[in-house]
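The values are calculated or read from the model by the stated rules, or taken from the named source; none is laboratory data. In this text the structure is predicted, and so the values were computed from the model without any measurement. Note: ideal-geometry Cβ built from the backbone for every residue, glycine included; neighbour counts use all protein chains shown. Side chains are part of the model used for accessible areas, which takes the heavy atoms of the whole protein and leaves out ligands, DNA and RNA. Shrake-Rupley method; radii C 1.70, N 1.55, O 1.52, S 1.80 Å.
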Amino acid sequence: MTQHATHATPSARISVFIVDDHPMIRAGLVGMIMGESDFHCVGEAGHGADAVRMIPALQPDVVLMDLLMPQMDGIEAIRQLRPLAPQTRFLILTSLTEPGEVQRALAAGAVGYLTKTASAHELVNTIRAAYGGRRVLSAEATEALISVSQNAAPGADLTQRERELLSHMARGLSNQDISDQLGIALPTVKFHITNILSKLGVSNRTEAVLLALRHKLVPPDRS
């Protein structure tokens, strides 16, 4: 959430903004960025809403964007920021590798998708590639996209957690009920449901449940 003072820097240096809800991860990324002679960190945010507020004034060259965050996820933040920072390159840095997330991120305008298991060397090279306008996907993200093309059946790319939520949706549980039963935060429930609707190609919960029952993605409710 802090904004770093911007010092006079050569124009060749790549300005980077970091968005992640874990302070320790942000601190590690800031340290890595500051350790590269051709980078400088212009700011950081703990969630998408703060990123949308801060980035337009800074116009960074590259934004490292986490996906699953409170208040606003990374994909929605990218959607809102693209018209406000048209020259900025958005690079996803996340632990999520499900095909739906990769597809949604690229559709929103991300130029790269990297997992948090990447080495510092991989990350800095990916930042440079993103700055140069090249699309860079990690091996995991590439494999996820390949799996989508190989699994055309509805719901084939749903994760185990998403199938679990879909089953609760089929039972008529509200988002708050699902949150309470699974012990996960309400924004996380909403994030998963958005992914479920996107992966199933439907626009609302009713359509999702009908499709899930038709294709036997969830057991019928016998209560």
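Looking across Pro60, Pro86, one residue alone is touching a Phe, Trp or Tyr at 6+ places or on another chain (Cβ under 8 Å) and closer than 27 Å to Asn125 by Cβ. It is Pro60.
Within the range 108-122, can you find the residues that are outside any loop (DSSP other than H, G, I, E, B) and buried (at least 21 other Cβ atoms within 10 Å of the Cβ)? If the condition is that a residue be outside any loop (DSSP other than H, G, I, E, B) and buried (at least 21 other Cβ atoms within 10 Å of the Cβ), then Gly112, Tyr113, Leu114 are the ones that fit. Filtering the range 152-194 to residues that are aliphatic (A, V, I, L, M) and open to solvent by 70 Å² or more (accessible area, probe 1.4 Å) leaves only Ala152. Go through the residues of the range 137-149 one by one and say whether even a single one is closer than 21 Å to Asp21 by Cα and touching a residue at least 40 places away in the same chain (Cβ under 8 Å). No: zero hits. Among the residues here, Leu93 qualifies as outside any loop (DSSP other than H, G, I, E, B), open to solvent by 10 Å² or more (accessible area, probe 1.4 Å), in contact with a strand residue (DSSP E or B) (Cβ under 9 Å, 6 or more places away or on another chain) and closer than 23 Å to Val30 by Cβ. Here Gly132 qualifies as of a type outside the set (A, V, I, L, M) and open to solvent by 40 Å² or more (accessible area, probe 1.4 Å).
Looking across the range 66-90, just one residue is assigned to a strand (DSSP E or B) and open to solvent by less than 80 Å² (accessible area, probe 1.4 Å), and that is Phe90.
Within the range 47-65, restricting attention to residues that are part of a loop (DSSP other than H, G, I, E, B) and modelled with pLDDT of 95 or more, the residue that is surrounded by the fewest Cβ atoms within 10 Å (Cβ to Cβ) is Gln59.
Applying a threshold of 9 Å to beta carbon distances and a minimum spacing of six or more residues, or different chains, the list of pairs starting in the range 91-118 at a residue that is at positive phi and ending at one that is surrounded by fewer than 22 Cβ atoms within 10 Å (Cβ to Cβ) reads Gly109/Arg79; Gly109/Arg82. Suppose we filter the range 96-107 for residues that are open to solvent by 10 Å² or more (accessible area, probe 1.4 Å) and not in a loop (DSSP other than H, G, I, E, B); how many remain? The number of residues fulfilling the criteria is 5. Of all residues in the range 185-214, those being out of contact with any Leu (no Cβ under 9 Å at 6 or more places or on another chain) and either modelled with pLDDT under 90 or not small (Gly, Ala, Ser) (or both) number 9.
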